[in-house]
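The values are calculated or read from the model by the stated rules, or taken from the named source; none is laboratory data. If you're wondering where the values come from, they're calculated on a predicted model, not measured in any experiment. FYI the Cβ positions are ideal-geometry reconstructions off the backbone, even for glycines, and counts take in every protein chain you see.
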């Protein structure tokens, strides 16, 4: 749970429909309320209307990439925990993700168990406004 009496809210952002579907299914089954967006610009529209506890975003997307989205969200909603996922195994990208405010950078393909472990860790420590 996020704040007392409400679900832990996650925004999952990826331009790959199957990844969004996987994230939504896995996180819903883990008792999260999941919103999805197909790119960073759509995610901004959602974040401006819906409070979330966790932002999980792909790096490589059209219109606004994951780093830009994390930077934007951290400037406006510093309490939101961010996790970036990417198919690019690049140390510089991982460092950039952390510098822009991502708690972790997950390399695709990641296991469901790893994702659930990370979300469980965040649910226990995520600051709630």
Can you tell me which residue within the range 2-13, out of those that are assigned to a loop (DSSP other than H, G, I, E, B) and in contact with a strand residue (DSSP E or B) (Cβ under 9 Å, 6 or more places away or on another chain), is modelled with the lowest pLDDT? 2
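Please tell me if residue 105 is touching a helix residue (DSSP H, G or I) at 6+ places or on another chain (Cβ under 7 Å), at pLDDT 95 or above and either surrounded by 19 or more Cβ atoms within 10 Å (Cβ to Cβ) or farther than 20 Å from residue 38 by Cα (or both). I'd like the intermediate steps shown before the answer.
Details: touching a helix residue (DSSP H, G or I) at 6+ places or on another chain (Cβ under 7 Å): yes; at pLDDT 95 or above: no; either surrounded by 19 or more Cβ atoms within 10 Å (Cβ to Cβ) or farther than 20 Å from residue 38 by Cα (or both): yes.
So residue 105 does not fit the description; no.
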Odd one out for residue 119 among (1) within 14 Å of residue 13 (Cα to Cα); (2) under 11 Å from the mean Cα position of the chain (by Cα); (3) assigned to a helix (DSSP H, G or I): (1)
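Out of 35, 27, 69, report the one residue that is modelled with pLDDT of 95 or more, farther than 19 Å from residue 117 by Cα, in a helix (DSSP H, G or I) and under 13 Å from the mean Cα position of the chain (by Cα).
Numbers: 35 fails: in a helix (DSSP H, G or I); 27 fails: farther than 19 Å from residue 117 by Cα.
Going through 35, 27, 69 in turn, the sole match is 69.
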Can you pull out every residue in the range 14-24 that is in contact (Cβ under 8 Å) with a residue 12 or more places away in the chain, more than 17 Å from residue 116 (Cα to Cα) and in a helix (DSSP H, G or I)? 17
Across the range 74-96, what is the number of residues that are closer than 17 Å to residue 15 by Cβ and not in a strand (DSSP E or B)? 3
Are any of the residues in the range 46-60 in contact with a strand residue (DSSP E or B) (Cβ under 8 Å, 6 or more places away or on another chain), buried (at least 18 other Cβ atoms within 10 Å of the Cβ), touching a residue at least 40 places away in the same chain (Cβ under 8 Å) and in a helix (DSSP H, G or I)? no
